[in-house]
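Reading through the structure tokens given below for one structure.
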Amino acid sequence: MSKVLLVHAKGGPPLGHVLSRTAARAEVHLLALSALPPSVAGAAHSLCATVVTPTDAQRSDLVSLIVSQARAVGADAVLTFSEYAVVAVAEACEALGLAGAGSAAALARDKRLMRRTWQRHALPQPAFRPVATEADLHAAADALPFPLLLKAAWSAGSTAHQIIRSPHEVSGAWHRSRAVMAESAQLGYAELHVAEADTDFVVEQIVTGTAADWFDEPGWGDYVSVEGVVADGVFHPVCLSGRMPTVEPFTERAGITPALLPPDAQDRIVTLAREAVDALGLRDCGIHTEIKLGADGSMWLIETAARFGGAMTVPQIEEVFGLDLVGMLVDHLLGHRVTWPEQALTPEQARGAAGSLVVLAVDGQGKAWPGRKVWDFSAVTADVALSGGTELSVVAESSLADGDVVPVYDPAAGANTMAALCLLSATDPATVLRDFETLVDALPRVLPAAQPAQVSR
């Protein structure tokens with residue numbers, strides 16, 4: 001039986017989903033760079049031939065650690081689904097002579113390199129400047145039109161995003177973003193391979209998006225993601241996922257599969273995604289490309305990742321289109337023939353729709369809840385009336401335990417302040433969107449109030 005070394009770190013699809021699909025294809029050896037979620041720890045030990053948790057000393061040279069572990073278990077493939085381990089795994093695969101994202105993986109990780117690459121290919125994207133110091137940020141603010149968005153070059157999940165609306169906000173944004181990156185590293189949400197990655201930033205012009213020119217129904221966000229894979233250097237789009245509007249600054253609230261777009265709009269979006277992926281020169285990996293939608297058909301590239309979309313994007317695709325992307329990628333990396341979709345699948349080909357909702361302590365307008373609440377999924381299912389045929393579940397490994405206090409939403413920390421991740425299945429994308437709106441409106445009403453003693457702990 002073929003052997004796979006799976007490198008686990010924070011982020012990406014739920015580990016339980018990844019493990020079960022990988023174990024169905026090969027003998028799995030798990031290298032755990034992050035603690036295993038308690039809800040899947042038992043399953044991990046039963047599904048995996050070995051589970052190794054390295055020491056801090058071993059982590060100091062992550063590529064060498066991955067290479068040595070792969071050789072020790074005789075791995076035929078090495079892969080990760082975490083944004084924070086993508087570059088290290090790609091470099092390890094290069095050293096081992098195994099299929100992987102390739103030497104260009106950093107271009108799909110470092111937002112500075114990504115934007116420079118797209119700039120050379122004349123692809124549409126916001127005007128930008130790389131920044132490494134507060135002085136760099138002041139210089140960029142003098143050159144670019146406000147408002148601006150400051151991003152950490154190696155972040156994920158909208159962490160350390162800061163909107164800068166005027167020159168007097170520059171210094172505060174710089175120091176806050178630096179502090180958030182340091183806090184995120186303590187939580188395990190940070191680049192694992194590149195030294196001092198938390199000091200690298202990019203600032204860009206905020207372009208004006210509009211969903212109305214693209215979607216026939218209200219309520220959709222003004223950006224989409226193209227999910228797919230690169231196999232032997234060829235990009236294969238699988239489908240598009242839509243969004244609810246983000247929470248300020250640009251924290252994602254919900255992803256919905258499929259995106260309810262007309263065929264000609266989907267074709268134009270996929271064409272731009274293909275150009276973006278081709279420009280990066282990736283070889284063998286999952287792909288997640290986000291694109292901002294503007295008026296009169298305008299589009300801007302947000303980013304491309306050399307891995308599948310996070311949260312429940314991969315399980316949603318499996319539910320809606322019947323494609324086990326994890327298993328298909330594992331098969332490809334092991335050298336087996338895989339039949340990828342000939343073109344991006346459409347809403348007409350979907351079996352219903354599915355979406356994932358990030359529970360944040362803000363209402364539908366992005367305003368903070370009036371009081372602190374306790375997470376209690378049973379209260380949600382008991383008191384929120386959803387559409388007929390809709391099924392709602394909670395992703396335990398990505399959620400607080402019932403009874404835990406919901407964190408206050410911190411715009412700079414983004415998804416780091418999420419309380420839970422919910423999966424919803426319905427008859428069509430519009431119903432998923434409407435039911436998510438119902439949930440967002442109902443949560444501050446149906447969740448129990450936190451007691452003062454709970455908040456002070």
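Considering only DSSP states other than H, G, I, E and B, which GluC sites (Glu not before Pro) in segment 329-435 qualify as loop sites with at most 12 other Cβ atoms within 10 Å?
Glu342
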Using θ = phi - 60° and Karplus 6.51 cos²θ - 1.76 cosθ + 1.60, couplings along segment 296-306 (whole Hz; Gly, Pro as x): 6, x, 6, 9, 9, 6, 8, 5, 10, 10, 8
Tail fraction, Cα-Cα pairs, segment 352-457, threshold 20 Å, whole percent: 36 percent
Mean shadow area of segment 162-274, taken as a quarter of the surface of its Cα convex hull (nm²): 9.7 nm²
Amide H contacts under 5 Å for Ser2, placed H, 5+ residues apart: Glu27
10 Å binning of all Cα-Cα separations within segment 293-386, expressed as whole percents from 0 upward: 11, 26, 32, 22, 9, 0
In Hz, Karplus ³J(HN,Hα) per residue of segment 228-242 (6.51, -1.76, 1.60; θ = phi - 60°; x = Gly, Pro): x, 8, 10, 10, 6, x, 10, 7, 10, x, 9, 6, 10, 10, x
Proximal lysines to Lys292, defined as alpha-carbon separation beneath 17 angstrom and excluding residues fewer than eight positions away on the same chain: Lys111, Lys151
Distance from segment 370-432 to segment 54-103 (C-alpha centre basis), Å: 34 Å
Rounded to 5, the percent of DSSP beta bridges in the chain classed as antiparallel: 80 percent
Separation in nanometres of the label points that stand 7 Å from Cα toward Cβ, at Ser64 and His175: 3.9 nm
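Which trypsin sites (Lys or Arg not before Pro) in segment 165-227 pass both tests, a DSSP loop state and at most 10 other beta-carbon atoms within 10 Å?
Working: sites: Arg165, Arg176, Arg178; in loops: Arg165.
For trypsin sites (Lys or Arg not before Pro) across segment 165-227 that sit outside H, G, I, E and B with at most 10 neighbouring Cβ atoms in 10 Å, the list is empty.
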Residues in segment 158-173 that a label on Gln119 would reach, taking backbone N under 16 Å of a point 7 Å out along Cα→Cβ: none
Segment 291-347 versus segment 108-165: alpha-carbon centroid distance in Å: 25 Å
Spin-label zone in segment 1-26 - amide nitrogen under 18 Å from a point set 7 Å from the Cα of Glu397 along the C-beta vector: 4-26
Hz values of 3J(HN,Hα) by residue in segment 317-334 - Karplus curve (6.51, -1.76, 1.60), Gly and Pro given as x: 4, 5, 5, 7, 10, x, 10, 8, 5, 4, x, 5, 5, 4, 4, 4, 5, 7
Separation in nanometres of the label points that stand 7 Å from Cα toward Cβ, at Val455 and Asp410: 1.8 nm
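Where a number appears in this text, it was derived from the coordinates with a stated rule and is not lab data. Since the model is a prediction, treat every value here as computed from it, not as a measurement. All Cβ positions, glycine included, derive from the backbone under ideal geometry; neighbour counts span all protein chains shown.
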